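**Student:** Let me begin by handing over the structure; questions about it come next.
The values are calculated or read from the model by the stated rules, or taken from the named source; none is laboratory data. Quick caveat: nothing in here was measured; it's all calculated off a predicted structure. Reconstructed Cβ throughout: ideal geometry from the backbone, glycine too, with neighbour counts over all protein chains shown. With ligands, DNA and RNA removed, areas are computed over all heavy atoms of the protein, side chains included. Shrake-Rupley method; radii C 1.70, N 1.55, O 1.52, S 1.80 Å.
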Amino acid sequence: SSTSSGGNSSGGGASDSGSSHPPAADIEIAKCEADSLGQLSMSLKITNHSSKPSNYLVNVVWESADGSSQLDTSIATADHLEAGQNTTVDAISFKTAEGTFRCKVVDVTRYASN
């Protein structure tokens, strides 16, 4: 008898532990553009995939289109996001967007809220 391979996809099961869904997987960049003032702007959609209400601290960076230079950094936060809930938060910069750029999430901390 043969065993079928490739059954290890992520994102399946109903595991209750936060470790099965790393905090970085809760963050999606919804918008990466210059705002109405021409400044670097980023919107993040945060979805709490853990089983408990959580707070988020997200470090983001704007960099040149080719990644060769960092333009600015910022922090976005969301507090007391219930299990399964999502929200959209903005990370802002006071630097003017010049030319094309890209947005990147560099670090995510998720911790239980009280």
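**Student:** Here's a check for you: in the stretch 31-49, which residue that is part of a loop (DSSP other than H, G, I, E, B) and of a type in the set (Gly, Ala, Ser) is most open to solvent (accessible area, probe 1.4 Å)?
**Tutor:** The qualifying residue most open to solvent (accessible area, probe 1.4 Å) is 36.
**Student:** Quick one: count up the residues across the stretch 71-85 that are in contact with a Ser or Thr (Cβ under 7 Å, 6 or more places away or on another chain) and within 14 Å of residue 29 (Cβ to Cβ).
**Tutor:** Residues meeting the conditions: 1.
**Student:** Only strands (runs of 3 or more DSSP E) wholly contained in the stretch 50-114 count here; list those with 3 or more residues that are among the basic types (Lys, Arg) and open to solvent by 40 Å² or more (accessible area, probe 1.4 Å).
**Tutor:** 101-112
**Student:** Are any residues in the stretch 73-102 closer than 17 Å to residue 36 by Cβ and not polar (S, T, N, Q), and if so, which ones?
**Tutor:** Listed by number, the residues that qualify are 90, 91, 92, 94, 95, 97, 98, 101.
**Student:** Could you list all residues from the stretch 58-72 that are within 14 Å of the chain's Cα centre (by Cα) and farther than 13 Å from residue 32 by Cβ?
**Tutor:** Correct list: 58, 59.
**Student:** May I pose another question? Looking for whichever is modelled with pLDDT under 95 and on the phi < 0 side of the Ramachandran plot here; the options are 69, 9. Which one fits?
**Tutor:** It is 9.
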